[in-house]
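Encoded as structure tokens, the structure appears first; notes follow it.
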Amino acid sequence: MRKQDVKSMTLEELEVLLGDLGEPKFRAKQIFDWLHQKQVDEFSAMTNLSKSLREKLEAECKISKLEVVQKQESKDGTTKYLFALENDKLMESVLMRYGYGNAVCVSTQVGCRMGCKFCASTLDGVEGNLTAGEMLSQVYQIQKDIGERVGSVVLMGSGEPLDNYDNTVRFIRLLNDPKGQALGQRHITLSTCGLIERIHQLQEENLQITLAVSLHAPNDEIRNEIMPISRKNHMEELLLVCKQYGDFTKRRVTFEYALIRGVNDMPSCAEELAGRLHNMLCHVNLIPVNDVKERNFYRSSEETIETFAQILRSHGIETTVRRKLGSDINAACGQLRKGHRAGGR
Ligand code: SAH
């Protein structure tokens, strides 16, 4: 039988587990505290538990953990971590240092199966979903490594968070738990390529996180060319579900738009996009596309990006251009891929 991962469990689930082991409820709270406040990865470190309980836990359960295989630091302070899972698969997370604090870009899957043409994470498909404990470990390991708190999390690493829905929502709730890290939901952003039914489902969770939707085109025609999921998730319906999400949660939805030269960066695209987003509480984040050398996509010129932004703004749409971080170490948007262990193991 596979051992249950206690790091992925809510306090209530831990209480049930401890009850099954014939232990009082308050033990669950102690364990939760070790896992999510003190962030230990060994039962043996939980010194306020009896030795026999620690041994029982060791026999029945496990604590998911990640091994740092490699760390690369960019000139701008951005750091990419290559982590190994217990099954030896590799994946990456990125630490970004902003004036307002530390942000971590968390991966939700090993690889991705969404197939966006401009993204390296999807080149070899998906190899597996990460558990909530594995997502938490990315944040906890980085906190331990830098000796500082991580103040915000973006679910923008490799993988499609809504294609790993249950684990992702569980991760958000655990990270937000006041008895754990208590990271405010408003400091968590979930980015999706736009799976309509899942966005609808997410709305029902009633979370206060920021929803970011990767739009990257003003219409289905262009979107179909660069994002295969667009064939089943049409833009009109997608924008409608985003509007409903915004109205329901009272949270401004972010639209991400990677500008690719000659593909989606023409002034006519900006005009069309503005027309579609009219009357919607939203924010557009323009991303100069990062080269993925397997594909022939190039970033737009500074001038084109500025013109695009100006057109959107002239229609009253709040627009920002994403600052490029970590591209010298392939840690920027769309550059995360299944890692390679130097020298093998
Ligand atoms: N699967 C999710 C989250 C991962 S990607 C999603 O699609 O949103 C995080 C963001 O980086 C997305 O907006 C994605 O479209 C964008 N991205 C992917 N490849 C990129 C590239 N080469 N240059 C710029 N942004 C890219």
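The values are calculated or read from the model by the stated rules, or taken from the named source; none is laboratory data. What you see is a predicted model; the values in this text were computed from it and never measured. Counting neighbours? That spans all protein chains shown, and the Cβs are built from the backbone with ideal geometry, glycine included. These area figures cover heavy atoms from the full protein model, side chains too; ligands, DNA and RNA do not enter into them. Shrake-Rupley method; radii C 1.70, N 1.55, O 1.52, S 1.80 Å.
Contact map, region 284-299: first residue assigned by TED's automatic domain parsing to the domain that holds Ile317, second residue among the acidic types (Asp, Glu) and open to solvent by 20 Å² or more (accessible area, probe 1.4 Å), Cβ cut-off under 9 Å, separation 6 or more or different chains; pairs are Val284/Glu318; Pro288/Glu302; Phe297/Asp291; Tyr298/Asp291; Arg299/Asp291. Check whether at least one residue in region 193-207 is open to solvent by less than 20 Å² (accessible area, probe 1.4 Å), outside any helix (DSSP H, G or I) and under 29 Å from Lys117 (Cα atoms), and report yes or no. There is at least one residue in region 193-207 that is open to solvent by less than 20 Å² (accessible area, probe 1.4 Å), outside any helix (DSSP H, G or I) and under 29 Å from Lys117 (Cα atoms). Put simply, of Ser137, Ser158 the only residue that is surrounded by 18 or more Cβ atoms within 10 Å (Cβ to Cβ), assigned by TED's automatic domain parsing to the domain that holds Arg113 and more than 29 Å from Arg223 (Cα to Cα) is Ser137. Just one of the numbered conditions (1) within 17 Å of Cys193 (Cβ to Cβ); (2) open to solvent by less than 10 Å² (accessible area, probe 1.4 Å) is not true of Leu239: (2). Does region 134-151 contain any residue that is farther than 17 Å from Phe171 by Cβ and within 13 Å of the ligand (Cβ to nearest atom)? No, every residue in region 134-151 fails to be farther than 17 Å from Phe171 by Cβ and within 13 Å of the ligand (Cβ to nearest atom). If you go through region 212-225 one residue at a time, how many are surrounded by 21 or more Cβ atoms within 10 Å (Cβ to Cβ) and among the hydrophobic types (A, V, I, L, M, F, W, C)? The total comes to 3. When Arg231, Arg261 are checked against the criterion of being touching a strand residue (DSSP E or B) at 6+ places or on another chain (Cβ under 8 Å), open to solvent by 30 Å² or more (accessible area, probe 1.4 Å) and either in the same structural domain as Tyr165 (by TED's automatic domain parsing) or within 15 Å of the ligand (Cβ to nearest atom) (or both), a single residue qualifies: Arg261. Give the residues of region 207-222 that are more than 8 Å from the ligand (Cβ to nearest atom) and either under 18 Å from the mean Cα position of the chain (by Cα) or not assigned by TED's automatic domain parsing to the domain that holds Thr249 (or both), sorted by residue number. Correct list: Leu207, Gln208, Ile209, Thr210, Leu211, Leu215.
Quick check on my filter: what residues within region 174-197 are more than 16 Å from the ligand (Cβ to nearest atom), within 30 Å of His234 (Cα to Cα) and touching a Leu at 6+ places or on another chain (Cβ under 8 Å)?
Residues of region 174-197 that are more than 16 Å from the ligand (Cβ to nearest atom), as a first pass: 174-187.
Retained after the next criterion (residues that are within 30 Å of His234 (Cα to Cα)): 185-187.
Passing the criteria: only Gln185.
The residue that is farthest from Ala270 (Cα to Cα), among those in region 280-333 that are open to solvent by less than 20 Å² (accessible area, probe 1.4 Å), more than 9 Å from the ligand (Cβ to nearest atom) and not aliphatic (A, V, I, L, M), is Gly326.
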